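Student: There's a structure below that I have some questions on.
The values are calculated or read from the model by the stated rules, or taken from the named source; none is laboratory data. Note that this is a predicted model, so its numbers are computed, not measured. Because the Cβ atoms are built from the backbone with ideal geometry, glycine has one as well, and the counts that use them run over all protein chains shown.
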Amino acid sequence: MVVIVILLVLLIPLLSFLNWLSYRFLKERFVRTQGWDLNICCGKTDYGRVNADIIQHAELPGFIKIDNVFALPFADKEFNSVLCSHTVEHVEDPEAFDRELRRVGNMVCYLVPPIWDLSAACNFIEHKWLFLTWKTWHYQLPRFIRLPFSRSYQKIFGQIRKA
């Protein structure tokens with residue numbers, strides 16, 4: 001029992017640090033490398049000339065409310081650069097979402113939870129997919145698998161954050 005307590009005491013700060021490193025530090029560092037024309041599913045972040053989401057979480061410049069992430073209200077190739085930060089792990093069909101983002105954008109960049117960020121990568125309460133990558137950012141949709149337990153849990157209790 002003492003060993004389990006010691007492991008938990010050591011594990012919780014490690015998981016918190018890895019999540020901060022992935023979701024805060026590396027994300028901010030990468031996002032600031034260029035300007036983005038479209039920040040899809042922006043949440044509270046102002047990273048794009050157009051910030052779009054299914055819910056308005058905050059007052060943002062250039063905000064557009066969208067009803068369906070699989071049928072975006074934009075013309076083909078309307079945007080040069082599209083940022084999709086920590087969204088694709090929430091959607092029902094990542095490949096259909098990828099096709100829609102590539103329809104509206106010339107270049108699409110995904111920020112996803114890498115597998116070393118265990119608290120995010122294994123979050124079956126919020127996420128549907130586990131991305132099989134060590135990197136945080138990708139210009140192609142990374143390989144993924146259904147996150148274990150996500151379908152059963154979300155069928156019973158619902159998904160906390162939907163895209």
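Student: Any residue at all in the stretch 66-84 that is closer than 21 Å to R103 by Cα and among the hydroxyl-bearing types (S, T, Y)? Give the steps one after another, and end with the answer.
Tutor: Here is the first cut: in the stretch 66-84, the ones closer than 21 Å to R103 by Cα are 66-84.
Keeping just the survivors that are among the hydroxyl-bearing types (S, T, Y) gives 81.
Yes, there is a match, as at least one residue in the stretch 66-84 is closer than 21 Å to R103 by Cα and among the hydroxyl-bearing types (S, T, Y).
Student: Sticking with this structure for a sec: Could you tell me whether the stretch 122-138 includes any residue that is under 20 Å from E28 (Cα atoms), in a loop (DSSP other than H, G, I, E, B) and either of a type in the set (S, T, Y) or in contact with a strand residue (DSSP E or B) (Cβ under 6 Å, 6 or more places away or on another chain) (or both)?
Tutor: Yes; the residues of the stretch 122-138 include at least one that is under 20 Å from E28 (Cα atoms), in a loop (DSSP other than H, G, I, E, B) and either of a type in the set (S, T, Y) or in contact with a strand residue (DSSP E or B) (Cβ under 6 Å, 6 or more places away or on another chain) (or both).
Student: Would you please list the contacts, defined by Cβ atoms under 6 Å and residues six or more apart or on different chains, that run from a residue in the stretch 72-95 that is within 16 Å of T45 (Cβ to Cβ) to a residue that is hydroxyl-bearing (S, T, Y) and surrounded by 13 or more Cβ atoms within 10 Å (Cβ to Cβ)?
Tutor: The qualifying pairs are L83/Y47; C84/Y110; V88/Y110.
Student: Inspect all residues belonging to the stretch 23-37 and state whether any of them is out of contact with any helix residue (DSSP H, G or I) (no Cβ under 7 Å at 6 or more places or on another chain), modelled with pLDDT of 95 or more, at negative phi and surrounded by 11 or more Cβ atoms within 10 Å (Cβ to Cβ).
Tutor: Yes, that holds for at least one residue.
Student: Another one. I'm trying to understand the selection: among the residues of the stretch 92-103, which are crowded, with 21+ Cβ neighbours inside 10 Å and aliphatic (A, V, I, L, M)?
Tutor: L101, the sole residue that qualifies.
Student: Mind listing whichever residues of the stretch 141-162 are in contact (Cβ under 8 Å) with a residue 24 or more places away in the chain, touching a Phe, Trp or Tyr at 6+ places or on another chain (Cβ under 8 Å), under 20 Å from A96 (Cα atoms) and not in a helix (DSSP H, G or I)?
Tutor: L141, P142, F144, L147
Student: Separate question: Any idea how many residues of the stretch 148-163 are within 25 Å of N39 (Cβ to Cβ) and either surrounded by fewer than 15 Cβ atoms within 10 Å (Cβ to Cβ) or within 14 Å of the chain's Cα centre (by Cα) (or both)? First the steps, then the outcome.
Tutor: At the first step, the residues of the stretch 148-163 found to be within 25 Å of N39 (Cβ to Cβ) are 159-163.
Filter once more, so that each one left must be either surrounded by fewer than 15 Cβ atoms within 10 Å (Cβ to Cβ) or within 14 Å of the chain's Cα centre (by Cα) (or both): 160-163.
Within the stretch 148-163, residues that are within 25 Å of N39 (Cβ to Cβ) and either surrounded by fewer than 15 Cβ atoms within 10 Å (Cβ to Cβ) or within 14 Å of the chain's Cα centre (by Cα) (or both) number 4.
Student: Out of the stretch 1-56, which residues are of a type in the set (D, E) and within 17 Å of the chain's Cα centre (by Cα)?
Tutor: Step one: filter the stretch 1-56 for residues of a type in the set (D, E), giving 28, 37, 46, 53.
Result: E28, D46, D53.
Student: Would you check which residues across the stretch 105-125 are closer than 22 Å to G48 by Cα and surrounded by 20 or more Cβ atoms within 10 Å (Cβ to Cβ) and list them? Show your work before the answer.
Tutor: Narrowing the stretch 105-125 to residues closer than 22 Å to G48 by Cα: 105-113.
Residues satisfying the conditions are G105, V108, C109, Y110, L111, V112, P113.
Student: Taking the stretch 67-90, which residues are surrounded by fewer than 21 Cβ atoms within 10 Å (Cβ to Cβ) and aliphatic (A, V, I, L, M)?
Tutor: Passing the criteria: A71, A75.
Student: Kindly indicate which of I64, I40, I55 is free of Cβ contacts under 8 Å to residues at least 24 places away in the same chain, among the β-branched types (V, I, T) and surrounded by 14 or more Cβ atoms within 10 Å (Cβ to Cβ).
Tutor: Values: I40 fails: free of Cβ contacts under 8 Å to residues at least 24 places away in the same chain; I55 fails: surrounded by 14 or more Cβ atoms within 10 Å (Cβ to Cβ).
I64 is the lone residue from the list that is free of Cβ contacts under 8 Å to residues at least 24 places away in the same chain, among the β-branched types (V, I, T) and surrounded by 14 or more Cβ atoms within 10 Å (Cβ to Cβ).
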